[in-house]
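This report refers to the structure that appears directly beneath it.
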Amino acid sequence: MRKICSPLERMLLLSVLFSLCLVIMRFLLTWQLSYFFYFWNTLLAIVPLCFSRGLRRYSRLTTGSAMMMAGWLVFFPNAAYMITDIFHYEFRPPVPMWFDLLVVITAAWNGLLLGIVSLMQVEHFLAGLYSRHTVTAFIFFSAILCGYGVYLGRVYRFNSWDVVTAPSGLASIVWGHLLRPFDHIHTWGFTFLFAIMFSIVYFTLKQLRTTGNG
């Protein structure tokens, strides 16, 4: 019988709980709701992992696995988006700066890990269907879409569900970026640099796993 949670997923859960406990401790100290948005953002970051775990039930591309892949791709940027929540970091007395620094760093780390683990699970599924080069190309493509999704969320405040609830507004923004790329240097600069950063971390962690296995 398949284990409910793998050792890696249990460590992820521990890391998430530690980060959220810091937020609760901060609330009990100040009775302020600062950083409580991490509860919602963390929940959204877990969604792509739920979709990628669902792929375990499939060994080939079917309607069900395609829906899982689509759901994963739409919500995938929510995980990496937590990295940009560092923008909210500032000195808020009476809480020490180092405490809030721990809050934002651990939350960013959780978002990065949740995204990476979900991508690893997607890669594992695709590896049984396509060539290594095709899967690698998909990883880079996903990283670019992730970077672009993070930018849309941070700058334009779009959410993943806007693909369904506000498709025309989202499509208008995206089309403008594609049609006039040189008018949106910051958009594409962030998108590709973020994708490179994410890819470096992803493949580094994969090498660590390989090294650990001998």
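Brief remarks on what is shown
- Selection within region 164-212 - farther than 30 Å from P7 by Cα and under 17 Å from the mean Cα position of the chain (by Cα): F190, T191, F192, L193
- Unique residue being outside any helix (DSSP H, G or I) and among the aliphatic types (A, V, I, L, M) when the list is L61, L119: L61
- As a summary of the residue check, T42 satisfies the conditions (1) polar (S, T, N, Q); (2) under 16 Å from the mean Cα position of the chain (by Cα); (3) over 18 Å from S118 (Cα atoms) except for the one numbered (3).
Matching residues to (1) among the small types (G, A, S); (2) at pLDDT 95 or above:
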site	(1), (2)
G169	yes, no
H186	no, yes
G189	yes, yes
Y202	no, yes
L205	no, no
N213	no, no
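Yes/no matrix, rows are residues, columns are (1) of a type outside the set (A, V, I, L, M, F, W, C); (2) in a helix (DSSP H, G or I); (3) surrounded by fewer than 14 Cβ atoms within 10 Å (Cβ to Cβ); (4) touching a Cys at 6+ places or on another chain (Cβ under 9 Å):
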site	(1), (2), (3), (4)
F141	no, yes, yes, no
V164	no, yes, yes, no
H186	yes, yes, yes, no
F194	no, yes, no, yes
M197	no, yes, no, no
L208	no, yes, yes, no
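Condition check ((1) aromatic (F, W, Y); (2) buried (at least 20 other Cβ atoms within 10 Å of the Cβ); (3) touching a residue at least 12 places away in the same chain (Cβ under 8 Å)) across all residues:
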| residue | (1), (2), (3) |
| --- | --- |
| W31 | yes, no, no |
| L49 | no, yes, yes |
| T63 | no, no, no |
| M67 | no, no, no |
| F76 | yes, yes, yes |
| Y81 | yes, yes, yes |
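- Among the residues making up region 27-42, those that are part of a helix (DSSP H, G or I), at pLDDT 95 or above and touching a helix residue (DSSP H, G or I) at 6+ places or on another chain (Cβ under 9 Å) are F37, Y38, F39, N41, T42.
- Only a single criterion out of (1) part of a helix (DSSP H, G or I); (2) surrounded by 20 or more Cβ atoms within 10 Å (Cβ to Cβ) is not satisfied by S160, namely (1).
- Residue satisfying all of: in region 83-110; surrounded by 18 or more Cβ atoms within 10 Å (Cβ to Cβ) and of a type in the set (A, V, I, L, M, F, W, C); farthest from R26 (Cα to Cα) among these: I83
- The single residue among G149, G128 that is under 21 Å from L49 (Cβ atoms) and either in contact with a Leu (Cβ under 6 Å, 6 or more places away or on another chain) or buried (at least 19 other Cβ atoms within 10 Å of the Cβ) (or both) turns out to be G149.
The values are calculated or read from the model by the stated rules, or taken from the named source; none is laboratory data. This is a predicted model, so every value here is computed, not measured. Note: ideal-geometry Cβ built from the backbone for every residue, glycine included; neighbour counts use all protein chains shown.
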